[in-house]
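Worksheet: the structure to be examined is printed underneath.
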Amino acid sequence: MPLKILINGAGIAGTALANFLVRSKQGHDITIVERASKFRTGGTQLDLKSYGAPLMKRLGLIDAVRARSIHETAFTLVDTKGREWARFSVNEAGKGYKGVTSEYEIMRADLVAVLYEGSKAIATKTFGKESQRLRYLFGKHAIELTQLDSRVNVVFSDGSSDEYDLVVGADGQNSLTRRILWEPKKDCDSTLRYTGYSVAYFHMPKSEEELSSTLFKNCLLPGLKGLSLRCAHKDFTQAMLTVSTTEELKEMSKQPVEKQKDLWETLYKDFGWESKRVLAEMRTTDDFYTTSVAQVKVDTWSKGRVVLLGDAGYCPSVLTGLGTTASLVGAYVLAGELARHGDNVGTALQSYETVLRPYMEKVQQLPPMNLALFRSKLGLNISYFALAILSKLKIDSLVGALMKDEKETWQLPEYPELELEE
């Protein structure tokens, strides 16, 4: 029997799940609601590592990803005078975890667009042009969830309500779905595990040199303070500032944007390299975003007929570089288990967790803190010299240079119940 499914959130996880669900032989009735009035156009550059690219290929969308990819060629390490010390090449898609920059680099908004267009195309092909089996509704989201015997009653932000066989929380790291059912009486979200770092992102105009650059440039100061410029996008340069978190940084999300910018300017005014230009552009940008980096960890990903997906359930954080892949793998396994177990939703959700959790536990492993060597001036100087030598020796991956290479031990399950490409 087909299921009536609500997906709360139209980001990467939600649109990916829609793609896999419409390829199920069950013919589900799928509604995706999104708080924003339209797809979000902002966001950072993402990549496809591990099983990410193979799954996009199974969806028949890898050519669309390739068409919108950013052709970043290398990760470089520079000093505060702009001198390059080391250079590491891209990681081939599907070749494990290593590598900071990947063969498939794409802006978040572009990946969501690829997934959205793919889901609509396959729904039209499967159900017909006039079918309403797949619906995207913007400007509304679930605000109340009431578990019934075998359904969930959902109240939406516009005052409407409906019942569903399954509700999927795909609404990101700060998921309202998760807070409603997992943390209903708490003022703070105890499922967030902070990593000790804070970041700020924004786009800025390209300099003359950056017009022809395809590099991911990085400069570090003692204390793990970093400034990164991703130059490969044809229209703009992406800036990222990274520092060790303080209590003031943790609280800054409650402050107006201009106050947030004031704090970051204080932290970086004497940084050197491109900081003067970057801070000037930060003052005028309208897409500034800052956060304390966190992971999401919950004991169980489902309660009754409500299940968490992607960052809402197991955000690995930007430090792992695997958030996008985690959402794609999670969507694939959830759709596959639902297809395999038919209308036995409870068993499907149990199996989703049993199958996927070993992979997500590995994905959420943070890089070994031998990075602590970067904390002192002497340690940072030693690190620059060591990485320069490793770069000369043609050790292609920065991650491979800093830590052991990870091998895939978890295998992607097969779901013949989903009609995917080979």
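The values are calculated or read from the model by the stated rules, or taken from the named source; none is laboratory data. Nothing here was measured: the structure is a model prediction, and the numbers come from that model. Cβ atoms come from the backbone with ideal geometry, glycine included; neighbour counts cover every protein chain shown. We work out accessible area using only protein heavy atoms, side chains counted, and drop any ligands, DNA or RNA first. Shrake-Rupley method; radii C 1.70, N 1.55, O 1.52, S 1.80 Å.
Here's the picture: charge each Lys and Arg Cβ at +1 and each Asp and Glu Cβ at -1 in the chain, and of Gly14, Gln45, Gln147 the one pushed furthest to the positive end of that dipole is Gln45. Net charge of the neighbourhood of Asp299, taken over other residues with C-beta under 11 Å away and scored Lys/Arg +1, Asp/Glu -1, is +2. One chain, two ends: Lys276 and Thr41. Fully extended at 0.36 nm per residue, the span grows by 81.9 nm beyond their Cα-Cα distance.
What does the net charge come to around Gly43 if you take all other residues with beta carbon closer than 12 Å to its beta carbon, with K and R at +1 and D and E at -1? With Lys, Arg at +1 and Asp, Glu at -1, the net is 0.
When both bridge partners sit in the chain, DSSP labels roughly 65% of those beta bridges antiparallel.
Projecting the Cα positions of Pro184, Phe236, Leu308 onto the charge dipole of the chain (unit charges on Cβ atoms of Lys, Arg, Asp and Glu, taken about the Cα centre) puts Phe236 furthest along the positive direction. Building the convex hull from the alpha-carbon atoms of the range 167-298 and averaging its projection over directions returns 9.7 nm².
When the Cα atoms of the chain are aligned to their principal axes, the ranges along those axes come out at 64, 45, 37 Å in descending order.
Pairs with C-alpha atoms separated by more than 27 Å, drawn from the list Lys38/Lys217; Lys4/Lys303; Lys57/Lys140; Lys38/Lys185, are Lys38/Lys217; Lys57/Lys140; Lys38/Lys185.
Taking the C-alpha atoms only, the angle from helix 323-341 to the longest principal axis of the chain is near 20 degrees. Axis of helix 345-363 versus longest Cα principal axis of the chain: the two differ by about 10°, to the nearest ten degrees. Annotation for Phe127 and Asp299: the two label points, set 7 Å from Cα along the Cα-Cβ direction, are 3.7 nm apart.
Seen from Leu349, the other residues with C-beta closer than 13 Å to its C-beta sum to a net charge of 0, counting Lys and Arg as +1 and Asp and Glu as -1.
If you take the alpha carbon atoms of the range 8-58 and fit the smallest convex hull around them, that volume is 97 Å³ per residue. Most simply put, the range 1-128 has about 60% antiparallel DSSP beta bridges, counting only bridges with both residues inside it. Taking the longest Cα principal axis of the chain as reference, the axis of helix 257-268 is set at about 40 degrees.
For the Cα trace of the range 13-150, dividing Rg by the Kirkwood Rh returns an Rg/Rh value of 1.09.
The Rg/Rh ratio for the range 254-337, using Cα coordinates for both the radius of gyration and the Kirkwood hydrodynamic radius, is 1.16. Taking the square roots of 5 times each eigenvalue of the Cα gyration tensor of the range 308-349, largest first, gives ellipsoid semi-axes of 25, 9, 5 Å. Remark: the chain carries a charge dipole of roughly 600 debye about the Cα centre, counting +1 on each Lys and Arg Cβ and -1 on each Asp and Glu Cβ. Taking each residue as 0.36 nm, the span from Ser212 to Lys377 lengthens on full extension beyond its C-alpha to C-alpha distance by 56.1 nm. Report the Cα centroid-to-centroid distance between the range 1-79 and the range 229-280 in angstrom, as an integer. Using only Cα atoms to place each centre, the spacing works out to 28 Å.
Among the protein heavy atoms of the range 198-350, carbon and sulfur supply 50% of the accessible surface, probe 1.4 Å, non-protein parts ignored.
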